[in-house]
Every structure is written in structure tokens, then in C-alpha cells.
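The numbers here are math on the coordinates, done by the rules we state, and not lab data. Worth saying up front: this structure is predicted, and the values here are computed from it rather than measured. As a convention, Cβ positions derive from the backbone with ideal geometry for all residues, glycine included, and neighbour counts pool all protein chains shown.
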């Protein structure tokens, strides 16, 4: 069977497309507004291209810092680098984006687009985003990005589409946005099924509840699997992601380091540890002395009492926040004796208080690589900054916003069978 072709909209760092690539789909174009995320997409496209051409040694040379990013990209055909489209999807930009996608389709002699995937930025629909917004996100233009998504369905007429977003979409605008989506997608010729899923059920070591909207052309009726009741046979405890990584102190770590233990069953089955003998981006952020004292209290409380730290229980000298009624769990341990962690979100780019490492001796928040593993990214997935120098903040933001590739692959495998 020839590969099925897809377009990735609002691509982010490529977690959703990574799952579809692993399932054997062929990316025609990725559209993403964030510059750093586009660099990440290009680097990952280099990985897949070089792997197909039996040249992974070149990619590994880049990861190990033997060659520069510019040298890595020099091995790629120009059409591949141009398939990463660094533009925001909007009325102003759509014609230019269409031209770039059409160039890819014509240049590669693609007969049809089988699938469109992606989900618009979710802050406008998220419950937390609405709680923190003065107007409950009612004036946020991101509320209507689904209209742009529908425009791409109309132009490229894929057999199916996969639209990912937050659970809050169900209640946003008292359900108005979701109802309008249904009507608009129907007008464009697509029926939909809405699935509430938890990444934990797909083998991801994280409680991450999301909406997956599966759409299909009205001219055929697929037998959509019940993703809400899916249960993977890949499961473990969160400690599986920590056992083979070097111990770090706050503010330490290397962009290239070596594993300290062999792989384990979970890392192998989930395709996280992929056979290389070195690890990248195992870097921890620095912390103040006060934060480290709070971390010690939080870890000790969990490890010895299985209790979460409430901010109000801290000694007065460690309390600096005036808000004592909401977000009282702002300091939280990634408990390695559970089967899933708390949800990794983009706020991890600002501080690591909600993601404290469970080892009290390390006394830090989790590293970039540990966050990526919780999200089920392969260890050879490299998160770029705009510049080639290490950009921990950009990496954390991309990881927090991503769809877990392990969940995406399982969905992709099912979609492949339907098409």
C-alpha cells in the first residue's frame, strides 16, 4: 500500500504528526505560527527523511553536536524544508499557505490528500484559561480558528480529519462553539464523532484528558472505534521514565549525556528509548533556595505520607503568594509510584513548581527530557529554539502544548485502517 498523505494544521512541535508518521502516513505540509516549533518540525522531518534513506548516522551526528543545525539541514531536499510553513493560519495568510501546500502537492505528484490533522490553540476553550481571563475568553479570536480549519477541509477535501482540543471545548460558550463546529463541518460535507479520551488509557504515563473529533466525508460511513473505552496493554509506573537517566542537581544537566541503566519494558514498548546510546536535553532549570526548601517539604510529604502539599501548610516564612484560596496545589511532586502523572502543560516553561522530581536528593523540577518522556516523545526527538543554542524555555513550552505521540500513533493506526 502506498503511504497515505496528510496535512498538519496548527502543528506545534509535531506530537500529533509524529504518531501519524510512526503509523506510516506521509506528511505533505506542517503549518505552524511559532518559529521555534517550526525548527523542531524541520529537525524531526530530517530524522524521518534520513531514516528512510539509511542515513541516520547524519542525524545522530547532529544530536551529538558533531555537526551544526545548518549542516544537518543541508542534507535535506529544499521541498522538505519548505514543507514546514511558518505562518499563522488566518484570512490574511491563507492564500500564501495554500500556494506553499499546492507546491508540495504538485512537486511530489500527490493525487489526493487523505487526511487533515491538528487542533487550534486551546487556551480560548480551556477551563483554566477562562477562569484567568477578565472576559472569560469571550473576546479571544482563537475561539474561531475552527472556521479556518474548515476552510482547509473545503479546499483540500480529505477523506477524513482529526481535530484535537481540550475538554473545555464541550462547555465553552455554553456549548455554542462545539455546536457551531458541527454545523460548519456538516456544511463542508463532513460528519463527525466526538471522543473524550485520556492519554493514560493509551499507555502515556500522564492524566491528560482531551477531545478528539473524528470527521469523515458524507459519502462513506466508517466504523469509528470507541476511543473513549480504549485500553492499551502498555502501562507502567511513572518511575519507569526516571530509572535510566543521570541524576541532576537544580540548574545542571547536559545537552548530550549517556544513560546510566539499561532500558526497561515500558521505555521499549512505548518507543521512547529507541536504541541510541546517548540522551539529549536532560537539563534541569535552576531554583532559588526558598523554592528548594518548599520542594523538600513537598517530596517528603508525598514519599512518607502520600499527601499532596497544600500551600497553606507551608511555614509562613516560605509563603510569598498572596492568593491562599486558589491554586493551593501549585507545588506538586511528579509521583513516581503512581501509574500516571499530572498533566504536563505549557506553564512548565515559566516555572517547574507543579512538576517536582520525586527524588528528594536531586531536589529540583523535572528536566526537559523527563517532561518529554511523560508526554511519550522518543528520546531522539529534539526540541529546538529559534537560535541553535540551548533554549530550555522554548522546549518546555513545545512539550507542554503537544499531543502525546504514543496516543497519536494508536489513533493513527485505527484511522489508517478506516481509510
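Per the Debye formula on identical point scatterers at the alpha carbon atoms of region 236-340, with no solvent, log10 I(q)/I(0) at q = 0.12, 0.14, 0.18 Å⁻¹ is -0.55, -0.71, -1.00. The chain gives an Rg/Rh value of 0.96, both radii derived from C-alpha positions and Rh following Kirkwood. Of 250, 66, 408, the residue with the greatest mean-square motion in the GNM of the chain, using alpha carbon springs below 10 Å, is 66. Per residue, the chain reaches -10000 deg cm²/dmol at 222 nm when only DSSP H runs of four or more residues are counted, each adding -39500 (n - 2.57). Report note on the peptides 102-111, 145-154: ranked by the mean count of other C-beta atoms within 10 Å, highest first, their order is 145-154, 102-111. When 376, 74 are arranged by Cβ crowding within 10 Å, least crowded first, meaning fewest neighbours, the order is 74, 376.
In the chain, the longest principal axis of the Cα atoms and the axis of helix 405-418 are about 30 degrees apart. In degrees between 0 and 90, to the nearest 10, how far off the longest principal axis of the chain does helix 289-305 point, with axes built from Cα atoms? The two axes meet at around 90 degrees.
For 361, 200, 296, 18, the sequence from fewest to most other C-beta atoms within 10 Å is 361, 296, 200, 18. Taking other C-beta atoms within 10 angstrom as a stand-in for reagent exposure, 301, 210, 373 fall in the order 301, 210, 373, fewest first. Extending 7 Å from the Cα toward the beta-carbon at both residue 319 and residue 68 defines two label points whose distance is 5.3 nm. PRE reach from residue 90 (point 7 Å along Cα→Cβ): which of region 23-52 fall under 19 Å by backbone N? It comes to 31-38, nothing else. Compared with the dominant principal axis of the Cα atoms in the chain, helix 145-156 is inclined by about 40°.
How much FRET efficiency would the formula 1/(1 + (r/R0)^6) give for residue 176 and residue 386, where r is the Cβ-Cβ distance and R0 is 35 Å, rounded to 0.05? Walk me through the numbers before you get to the answer.
On the way: r = 37 Å, r/R0 = 1.06.
For residue 176 and residue 386, the calculated efficiency is 0.40.
Per residue, the convex hull spanned by the alpha carbons of region 273-419 comes to 163 Å³. Calculate, for residue 75 and residue 330, the FRET efficiency according to 1/(1 + (r/R0)^6) with r their C-beta to C-beta distance and R0 56 Å; round to the nearest 0.05. It comes to 0.80. What separates the Cα centres of region 6-51 and region 311-343 is a distance of 35 Å. If the segment from residue 293 to residue 109 were pulled out straight at 0.36 nm per residue, it would be longer than the present Cα-Cα gap by 60.2 nm.
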